[in-house]
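**Student:** What follows is a structure written as structure tokens; I'll ask about it next.
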Amino acid sequence: MKPLTLPLVPYLLVFILGVNFHFQETFSYQLLHVLLAMAILGFPSFKSPFYWRAPFWGLLFFCLGFCVAHIDQLLPEKHYANFAPTEVNNIEIELQQRLRGSTNAHRFYANLTSINGKSSEGRVLFQLKKDSSYSPLLVGDKLLIKDRLSPIQPPSNPNGFDYKEYLQSISIYHQLRTNSDAVRFLGHSKKPLIKIKNVILRKLDESSLNRTTKEILKTMLLGERSSLDANTMDQYANAGVVHLFAISGLHIGLLMLLFQRLLRPLRFLPHGHLIQLIGVLALLWCYAFFVGASASVLRSVTLFSAYHIGMQSQRKTPTAYLVLLSMAIILFFEPRFILQLGFQMSYLAVFGILFLHPLMQLKLKHKALQWFWNLTTVSLSAQIAVAPISIYHFHQFPGLFLLSNWAILPFIGLFLYVGLGCIIWLLFFALPPPLVYLLDGLVAKMNQLVFWIGAQENFIFSSLVIDQLTLGLLYALLVCSVIWLNQKKRYWILLIGCFLPLLLWHLNISSKNTEQRFWIVHAYGETILVEKNGKQFTFHSNELVDENHFILNHFTQNFAHSNWTTQPLFNGYIIGDEQLYVIDNNWSTELVLQQKATYLLSKNPKINLERLLKKFSPKMIIIDGSNTPYYVEQWEKTLNKTKTAYHLTQKMGAYELTAKTRNEGF
């Protein structure tokens with residue numbers, strides 16, 4: 001039975017479109033979702049006993065998806081955002097997940113449980129300034145903090161990673177930044193799974209294993225990526241095997257096989273098959289919550305649960321149908337998961353394997369060659385499916401991903417089983433030297449290989465920039481091609497013939513990009529203006545801006561470019577019909593400036609801001625990162641007092657002026 005012919009498939013797809021429709025803000029994307037839903041419901045393969053009712057049921061499922069997402073976004077009555085979160089309060093939180101710390105702060109996701117003794121709920125980003133006088137915190141710890149909640153800052157510069165948007169996708173709207181003087185410890189968690197996990201982490205830290213081995217074990221088996229070295233993560237990404245650090249289908253599938261083997265003796269009991277089924281599912285779900293119940297873990301456990309139930313019921317349900325069903329179930333309970341890149345890439349990889357892998361199948365005589373070919377095509381299928389969205393977000397592609405997968409995947413099961421055995425052993429005894437030697441050796445060899453592959457810079461294709469339209473057209477071509485190769489229907493060739501010229505035309509237009517933009521960017525201690533004229537970048541600054549500067553790297557990596565130049569700062573710029581004046585310590589009060597212009601305050605200029613406001617009535621005051629906090633605070637008070645529009649790049653990100661620019665010196 002083909003998955004696309006099952007009666008519920010169109011309605012599951014339409015439900016997912018309804019969920020995603022709710023999060024679209026532009027009319028064009030909303031219209032696209034509606035058209036896709038109509039196309040799915042009218043697809044000839046979707047014949048069912050109630051096909052004539054398809055529009056009614058389709059509308060019902062689409063609205064259900066929209067309503068589920070809408071209800072999920074509504075803040076509960078007890079949510080902390082309803083209790084003036086910007087004021088200083090006594091806030092009680094419970095640490096939920098440890099994040100990779102910054103140079104000066106410990107970072108956690110935390111559940112807020114009360115404000116000023118009043119029961120509350122919601123999640124926050126908790127950041128505690130590093131202090132040697134405060135003991136290490138554990139997941140599950142309960143803290144009382146006297147401080148204020150602050151909003152999450154948007155990205156500092158254009159096209160940067162929007163951490164604020166990501167946190168909103170996991171229901172985090174505010175951050176709590178404080179120091180140890182404002183924190184009072186209330187107690188450790190009493191939840192069994194959290195207590196066991198903290199014990200394992202402590203004993204793992206105390207073991208004689210190499211530091212790198214501990215980090216890899218924590219990441220791949222316990223879902224703790226906070227201690228993983230950033231360089232290790234980058235090298236695995238360059239080698240194309242960073243997916244090993246996300247507990248997903250590979251890990252859960254191997255664990256399910258292990259649990260099935262361990263519980264096989266239960267089959268000899270009355271109703272043994274049912275008892276074994278319940279036992280395997282219980283262990284899988286306990287493990288899912290034990291490692292943090294991330295989107296990839298929930299997807300994998302939900303999928304394998306449905307697959308295991310289907311196998312036990314002896315029904316030949318297509319795996320693609322079970323994957324789609326698991327996706328709809330997860331989105332019904334957690335609609336925001338659809339916004340998470342990990343969730344999107346996880347399902348794209350699975351669908352790629354399910355639909356592309358069969359198209360590459362060959363029957364070879366030798367088992368070793370057949371196994372090698374299957375490993376190759378599975379890796380290739382997953383990479384083809386995730387490549388467009390990966391390039392869109394990360395702007396690079398690992399050219400040696402197949403080599404990495406050939407070398408590591410055959411041994412990953414051995415590593416996971418040995419690692420799991422060592423973790424269980426650690427609960428009761430110290431690790432014997434042979435096990436320590438074995439694990440350290442496995443990790444050392446794996447890292448040595450990955451680091452060598454990751455160092456082959458000629459095979460890492462970077463600075464790849466595509467826009468949303470290109471991304472959509474690439475996936476439209478991929479979907480149409482896969483369906484045509486499976487069904488051989490002529491109208492799919494027609495669709496490919498429409499999408500391919502459109503993609504080529506769009507890429508040609510993009511290559512001749514004549515877009516003109518102008519930004520005042522945020523850089524600590526520096527004033528930098530960035531001008532984009534087509535693919536030519538000009539960086540205006542009195543500081544040294546070279547190929548090692550983070551601002552230059554940010555723009556050249558996140559925008560398609562040809563070359564760049566630098567220029568010193570001018571006193572003023574004419575941008576379309578608007579004038580921008582740079583006010584620094586070289587500014588003269590004798591200069592005659594235009595009324596209602598935009599003013600950039602740079603390098604702590606010694607000015608009387610209130611007098612300047614009265615004399616020139618600025619349209620906008622911009623304060624960039626070159627100014628010290630003391631001056632910024634004083635100016636902000638003056639601007640609020642006079643009700644003058646202003647923009648702080650530190651809080652609001654880069655300020656953009658869009659028009660053709662010409663320089664004006666005076």
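The values are calculated or read from the model by the stated rules, or taken from the named source; none is laboratory data. A quick note: this is a predicted structure, and the numbers were derived from the prediction, not measured. When we count neighbours, we look across all protein chains shown, and the Cβ atoms used for this are built from the backbone with ideal geometry, even at glycine. Ligands, DNA and RNA are stripped out before the accessible areas are found, and what is left, the full protein with its side chains, is counted by its heavy atoms. Shrake-Rupley method; radii C 1.70, N 1.55, O 1.52, S 1.80 Å.
**Student:** Under the condition of being exposed (fewer than 13 other Cβ atoms within 10 Å of the Cβ) and at pLDDT below 70, which residue from segment 8-60 is farthest from Leu325 (Cα to Cα)?
**Tutor:** Trp52
**Student:** If we scan segment 246-259, do we find a residue that is part of a strand (DSSP E or B) and closer than 30 Å to Ala110 by Cα?
**Tutor:** Taking segment 246-259 and keeping what is part of a strand (DSSP E or B), we get none.
No, because not a single residue in segment 246-259 is part of a strand (DSSP E or B) and closer than 30 Å to Ala110 by Cα.
**Student:** From Ile145, Ile152, Ile93, grab the single residue that is touching a Leu at 6+ places or on another chain (Cβ under 8 Å), farther than 26 Å from Pro335 by Cα and of a type in the set (Val, Ile, Thr).
**Tutor:** On the way: Ile152 fails: farther than 26 Å from Pro335 by Cα; Ile93 fails: farther than 26 Å from Pro335 by Cα.
Answer to the selection: Ile145.
**Student:** Here is a further query. Being under 28 Å from Phe161 (Cβ atoms), β-branched (Val, Ile, Thr) and touching a residue at least 40 places away in the same chain (Cβ under 8 Å) is the filter here; which residues of segment 547-585 pass it?
**Tutor:** Result: Ile551, Thr556, Ile575.
**Student:** Restricted to segment 127-163, and to residues that are in contact with a Pro (Cβ under 8 Å, 6 or more places away or on another chain) and closer than 22 Å to Asn553 by Cβ, which residue is modelled with the lowest pLDDT? Spell out how you get there, then give the answer.
**Tutor:** Initial filter on segment 127-163 (in contact with a Pro (Cβ under 8 Å, 6 or more places away or on another chain)): 148-149, 161-163.
Right, trim to closer than 22 Å to Asn553 by Cβ and you get 161-163.
Details: Phe161: 78, Asp162: 81, Tyr163: 84.
Within segment 127-163, the match that is modelled with the lowest pLDDT is Phe161.
Conditions (1) closer than 23 Å to Leu471 by Cα; (2) open to solvent by less than 50 Å² (accessible area, probe 1.4 Å); (3) basic (Lys, Arg), marked per residue:
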| residue | (1), (2), (3) |
| --- | --- |
| Leu380 | yes, no, no |
| Ile384 | yes, no, no |
| Ile391 | yes, yes, no |
| His395 | yes, yes, no |
| Phe401 | yes, yes, no |
| Gly413 | no, yes, no |
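**Student:** Tell me which strands (runs of 3 or more DSSP E) are completely within segment 553-666 and hold 3 or more residues being within 21 Å of Asn533 (Cα to Cα) and at pLDDT below 85, or say none if there are none.
**Tutor:** On the way: elements: 563-567, 572-575, 578-583, 598-601, 620-623, 646-648, 655-657, 661-664.
Ranges flagged: 572-575, 661-664.
**Student:** If you don't mind, another one. So if I check each of Leu204, Leu221, Leu176, which one is modelled with pLDDT of 85 or more, touching a Gly at 6+ places or on another chain (Cβ under 7 Å), surrounded by 20 or more Cβ atoms within 10 Å (Cβ to Cβ) and not in a loop (DSSP other than H, G, I, E, B)? Give the steps one after another, and end with the answer.
**Tutor:** Values: Leu204 fails: touching a Gly at 6+ places or on another chain (Cβ under 7 Å); Leu176 fails: touching a Gly at 6+ places or on another chain (Cβ under 7 Å).
Exactly one residue qualifies, and that residue is Leu221.
**Student:** Restricting to segment 262-284, name every residue that is open to solvent by 80 Å² or more (accessible area, probe 1.4 Å) and either in a helix (DSSP H, G or I) or of a type in the set (D, E, K, R) (or both).
**Tutor:** Of segment 262-284, the ones open to solvent by 80 Å² or more (accessible area, probe 1.4 Å) are 262, 264-265, 267-271, 273-274, 278.
Within segment 262-284, Leu262, Arg264, Pro265, Arg267, Phe268, His273, Leu274, Ile278 meet the criteria.
**Student:** Here are Leu193, Leu186, Leu149: which of them is over 21 Å from the mean Cα position of the chain (by Cα) and open to solvent by less than 60 Å² (accessible area, probe 1.4 Å)? Working first, answer last.
**Tutor:** Numbers: Leu193 fails: open to solvent by less than 60 Å² (accessible area, probe 1.4 Å); Leu186 fails: open to solvent by less than 60 Å² (accessible area, probe 1.4 Å).
From the options Leu193, Leu186, Leu149, the qualifying one is Leu149.
**Student:** Okay, moving on. Which pairs turn up if I take residues in segment 102-114 that are closer than 23 Å to Asp131 by Cα and look for partners that are aromatic (Phe, Trp, Tyr) and in a strand (DSSP E or B) with beta carbon separation below 8 Å, at least 6 apart in sequence or on another chain?
**Tutor:** Correct list of pairs: Arg107/Phe126; Phe108/Phe126; Tyr109/Phe126; Ala110/Phe126.
**Student:** Kindly indicate the residue of segment 297-307 that is touching a residue at least 40 places away in the same chain (Cβ under 8 Å) and open to solvent by less than 20 Å² (accessible area, probe 1.4 Å) and also nearest to Val199 (Cα to Cα) among those meeting that condition. Can you show your working first?
**Tutor:** Initially, segment 297-307 is screened for residues touching a residue at least 40 places away in the same chain (Cβ under 8 Å), giving 297, 299-301, 303-304.
Now narrow it down to the ones that are open to solvent by less than 20 Å² (accessible area, probe 1.4 Å): 297, 299-301, 303.
On the way: Val297: 22, Arg299: 27, Ser300: 26, Val301: 24, Leu303: 30 Å.
In this case the residue turns out to be Val297.
**Student:** Another one. In segment 157-172, what residues are aliphatic (A, V, I, L, M) and not in a loop (DSSP other than H, G, I, E, B)? It would help to see each step written out before you state the result.
**Tutor:** Initial filter on segment 157-172 (aliphatic (A, V, I, L, M)): 167, 170, 172.
Listed by number, the residues that qualify are Leu167, Ile172.
**Student:** If you take the residues in segment 321-341 that are of a type outside the set (A, V, I, L, M, F, W, C) and within 15 Å of Phe351 (Cβ to Cβ), which one is modelled with the lowest pLDDT?
**Tutor:** Start the filter on segment 321-341 by keeping residues that are of a type outside the set (A, V, I, L, M, F, W, C), which leaves 321, 326, 334-336, 340.
Now drop any that are not within 15 Å of Phe351 (Cβ to Cβ), which leaves 321, 326.
On the way: Tyr321: 81, Ser326: 86.
Among those residues, the one meeting the criterion is Tyr321.
**Student:** Would you check which residues across segment 434-466 are open to solvent by 80 Å² or more (accessible area, probe 1.4 Å), part of a helix (DSSP H, G or I) and touching a residue at least 60 places away in the same chain (Cβ under 8 Å) and list them? Reasoning before the result, please.
**Tutor:** Let us first name the residues in segment 434-466 that are open to solvent by 80 Å² or more (accessible area, probe 1.4 Å), namely 434, 437, 445, 448, 452, 457-459, 461.
Adding the requirement that they be part of a helix (DSSP H, G or I) leaves 434, 437, 445, 448, 452, 457-459.
The answer is Phe459, and nothing else.
**Student:** Consider Glu165 against the criteria (1) closer than 29 Å to Ala230 by Cα; (2) open to solvent by less than 60 Å² (accessible area, probe 1.4 Å); (3) acidic (Asp, Glu): it satisfies all of them except one. Which criterion is unmet?
**Tutor:** Checking Glu165 against (1) closer than 29 Å to Ala230 by Cα; (2) open to solvent by less than 60 Å² (accessible area, probe 1.4 Å); (3) acidic (Asp, Glu), the one that fails is (2).
**Student:** Looking only at segment 61-86, count every residue that is farther than 30 Å from Leu325 by Cβ and in a helix (DSSP H, G or I) and tell me the total.
**Tutor:** Of the residues in segment 61-86, 3 are farther than 30 Å from Leu325 by Cβ and in a helix (DSSP H, G or I).
**Student:** Another question about this same structure. Check Leu609, Leu600 and return the single one that is within 30 Å of Asn548 (Cβ to Cβ), open to solvent by less than 40 Å² (accessible area, probe 1.4 Å) and hydrophobic (A, V, I, L, M, F, W, C). Let's see the steps before the verdict.
**Tutor:** Numbers: Leu609 fails: within 30 Å of Asn548 (Cβ to Cβ).
That would be Leu600, the only listed residue that is within 30 Å of Asn548 (Cβ to Cβ), open to solvent by less than 40 Å² (accessible area, probe 1.4 Å) and hydrophobic (A, V, I, L, M, F, W, C).
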